[in-house]
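Everything on this sheet refers to the single structure shown next.
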Amino acid sequence: MKRSSTLNEVAMSFTPLLVIELAKNVKSEAKEWLIKKITDKKSKGGAQLLARPLLEKEDDAHTVENPNIYVIGASRKRLLIGAEAAGLVKECTDGTMRVFTYDNRKLFREYEEDNDDFFTMAERQYVIKRELEHLRAKDETMIPGYPQAKLYPGKSIFRRALTSKILVRMYPLHDTEKLKKLSQIWYRHMKPAFQPLDDIRQYFGETIAIYFGFLEFFTFALIPMAIIGIPYYLFAWEDYDKYVLFATFNLLWSTVILEVWKRFCAYWAFHWGTLIMKKEFEEPRPGFHGVLGKNPVTGREEPTYSSLRRQMRIYLVSLPFVCLCLYFSLYVMMVYFDLENWAMAYHGEHESQFSNIMLYVPSIVYAIVIEIMNRIYRYAAEFLTSWENHRLESTFQNHLILKVLVFNFLNCFASLFYIAFVLHDMKLLRQSLATLLITSQIINQFVEALLPYWLQKRNSKKVKKSLKSLKEDVDLTLVEQVTLEGNMGTYVGTFDDYLELFLQFGYVSLFSCVYPLAAVFAVLNNVTEIYSDALKMCQVFKRPFSVPTANIGVWQLAFETMSVISVVTNCALIGMSPQVNALFPDSSADLILWVVGIEHVLLALKFILTFVIPDLPREIQIKLARLEFESMEALKQQQMKLTDESLTEELEADDADS
């Protein structure tokens, strides 16, 4: 009896890492069943984690908005075993990076039996989240008390609870002390210094750290373009032949920075352990559904869905819908040009200060409409991609990014291409490019940081007032923290942040020979973006779950594709300039051949640079080769040991027979 009481005390005194919030009116049998699944042993189909209600006394339930809130943690041993299953990579005492294993835990640097900081808080939260997501039904047919919440062997329990509105949300808790220290060195004091990427990674994980690393790298890479663009803008405004050098520099610049970024990213990923993190067989995403079947590779039971049905949904529904949206985007663009014609006619008739201002109104209105259309289309694209029922999360993300990029590219750049290559109006192109770039930057800063920060401050005041009614015997610090963070917005990921940088890269690279100041405005925006994004990560949104990653994923391909398109665009703009046309007064065919020839030379130069510059630094290549060699040697020694033992057993058997 005494030992059981001690175990209960240990289970209730753990460090809370995650919060799960159930529905207010959730049935008691469902709540008890779900908590039992979380705390049960692995052998019984549970996650073997620790859980306790936020308010442990029923008398205190009326003091908070939702009493069905639980905090989740795990024992030290459970975290170690979970880290091995997740394939986390840690640094060994000899300085090498290796996949963590429980049996060899003492070989890793800073490991001690009583050291709770061996794993960062972000890593611990990732391990617990992974265990909860891998919590699957065994022989249950439904969630108790909810006949409509059907289950089958292999179905994700948390996904079913979420879709059935039994589970409201799940999010990781902040570490208030570490967050305060990170805020001090990150954004509270503006100073010319690099971002603390290692500290960001330890707190938020590799995905967030790599995004901020890319944002910082891209900002520094824009500075040479901005410095060169200013004198070109001031002294070579109409001399398009002088822009040949600037455009050529831009094209080489876009190639070099993307290749150099791969090397920087590889260095950080190796240092953080994600570059060599083992690739386990990717399991079905939680939202994937279908008839229960058996995976032919793993032999596990999991949902199956016809590939033919998925392709029919993509080509018969999603593709026509995307085409319809693109057509609507082009229609809105033509309305914008009608407004431009009206503004120019009005200015021609009145020639006043007001008419000068009216010249910029159509572009500003169009920029706002573009932002609204992009956000509406984003929701539609997410719904369609989810409806297509992709099995893997990576496939889901690739299809979603493709849909969003195609629409955003056309929506943001179609008008500029039309002005450049149909209207041939370079003055209007400069005006439209500047207006679209600056307006989109202002809108993004307001929507992504300032507005959420103001709303968060207002919500915090309301929550603090409601918390004054709590009794003194309640753990006010934890209750207040969970309540405050529960009212924060949810950070949906780096998708929108990368998309913003992708569009900015397009504005800078596609039409550099027309508006060289684009890089200047991009630098100014990104400097403030670093601080505003850091502010929203620390103060505005809930803490996101850490996701191990080694690079920026499919966005690398998107940026490289944009750089190739910029070669064609800049060469065509140079070929259209009056100065270049004057060199070929008798034959436009010769002009086209020269432009196409220069374009091919520049493209060839880009691909040569891509081939010449290795993706991995030499130092990292050597370390990876050494690690692979050591792994092969260890495998050989293990095989030799097994062979020797087998031969010894055979000899002993022969001696016994003789």
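The values are calculated or read from the model by the stated rules, or taken from the named source; none is laboratory data. In this text the structure is predicted, and so the values were computed from the model without any measurement. Note: ideal-geometry Cβ built from the backbone for every residue, glycine included; neighbour counts use all protein chains shown.
For the structure I just gave you, tell me whether Glu628 is surrounded by 11 or more Cβ atoms within 10 Å (Cβ to Cβ), in a helix (DSSP H, G or I) and either among the acidic types (Asp, Glu) or modelled with pLDDT under 80 (or both). Answer is yes for this residue.
Put simply, of Glu84, Glu65 the only residue that is in a loop (DSSP other than H, G, I, E, B) and either modelled with pLDDT under 90 or surrounded by 15 or more Cβ atoms within 10 Å (Cβ to Cβ) (or both) is Glu65. Identify the residue in region 111-129 that is assigned to a loop (DSSP other than H, G, I, E, B) and at pLDDT 85 or above and, among all such residues, is surrounded by the fewest Cβ atoms within 10 Å (Cβ to Cβ). Residue satisfying both the conditions and the ranking: Glu112. Considering only residues of region 14-36 that are among the hydrophobic types (A, V, I, L, M, F, W, C) and not in a helix (DSSP H, G or I), which is farthest from Ala137 (Cα to Cα)? Among them, the one singled out is Phe14.
Can you pull out the residues in region 569-604 that are among the hydroxyl-bearing types (Ser, Thr, Tyr), within 21 Å of Lys427 (Cβ to Cβ) and modelled with pLDDT under 80? Residue satisfying the conditions is Ser577 alone.
Taken as a whole, the structure places Pro303 among residues that are more than 25 Å from the chain's Cα centre (by Cα) and not in a helix (DSSP H, G or I).
Run Asp60 past the list (1) touching a helix residue (DSSP H, G or I) at 6+ places or on another chain (Cβ under 9 Å); (2) of a type in the set (D, E, K, R); (3) at pLDDT 90 or above; (4) more than 22 Å from Ala122 (Cβ to Cβ) and report the number of the one that doesn't hold. Looking at each condition in turn, Asp60 falls short on (3). Evaluation of Ile565 against the conditions (1) buried (at least 19 other Cβ atoms within 10 Å of the Cβ); (2) in contact with a Gly (Cβ under 9 Å, 6 or more places away or on another chain); (3) in a helix (DSSP H, G or I) shows that the sole unmet condition is (1).
Let me confirm something: among Phe383, Phe321, which residue is among the aromatic types (Phe, Trp, Tyr) and in contact with a Leu (Cβ under 9 Å, 6 or more places away or on another chain)? Criteria check complete, one pass: Phe321.
For (1) buried (at least 17 other Cβ atoms within 10 Å of the Cβ); (2) within 21 Å of the chain's Cα centre (by Cα); (3) closer than 25 Å to Thr494 by Cβ, each residue gets a yes or a no:
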residue	(1), (2), (3)
Phe158	yes, no, yes
Val168	yes, no, yes
Glu177	no, no, no
Ala193	no, no, yes
Asp198	no, yes, yes
Arg201	yes, yes, yes
Leu215	yes, yes, yes
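Determine whether Ile592 is in contact with a Ser or Thr (Cβ under 9 Å, 6 or more places away or on another chain), closer than 25 Å to Ile419 by Cβ and assigned by TED's automatic domain parsing to the domain that holds Ala247. Judged against the criteria, Ile592 is not a match.
Among the residues of region 130-155, those that are surrounded by 22 or more Cβ atoms within 10 Å (Cβ to Cβ) and under 22 Å from Glu84 (Cβ atoms) comprise Glu131, Arg136.
Of all positions in region 423-434, at least one carries a residue that is surrounded by fewer than 15 Cβ atoms within 10 Å (Cβ to Cβ), out of contact with any helix residue (DSSP H, G or I) (no Cβ under 7 Å at 6 or more places or on another chain) and under 24 Å from Gly229 (Cα atoms). Every test in (1) among the aliphatic types (A, V, I, L, M); (2) at pLDDT 90 or above; (3) assigned by TED's automatic domain parsing to the domain that holds Gln481 is passed by Leu167 save one, and that test is (3). Filtered by the rule that a residue be part of a loop (DSSP other than H, G, I, E, B) and either in contact (Cβ under 8 Å) with a residue 24 or more places away in the chain or not hydroxyl-bearing (Ser, Thr, Tyr) (or both), region 575-605 gives Ser577, Ala582, Leu583, Phe584, Pro585, Asp586. Here is the figure for region 375-418: residues that are crowded, with 16+ Cβ neighbours inside 10 Å, part of a helix (DSSP H, G or I) and among the acidic types (Asp, Glu) total 1.
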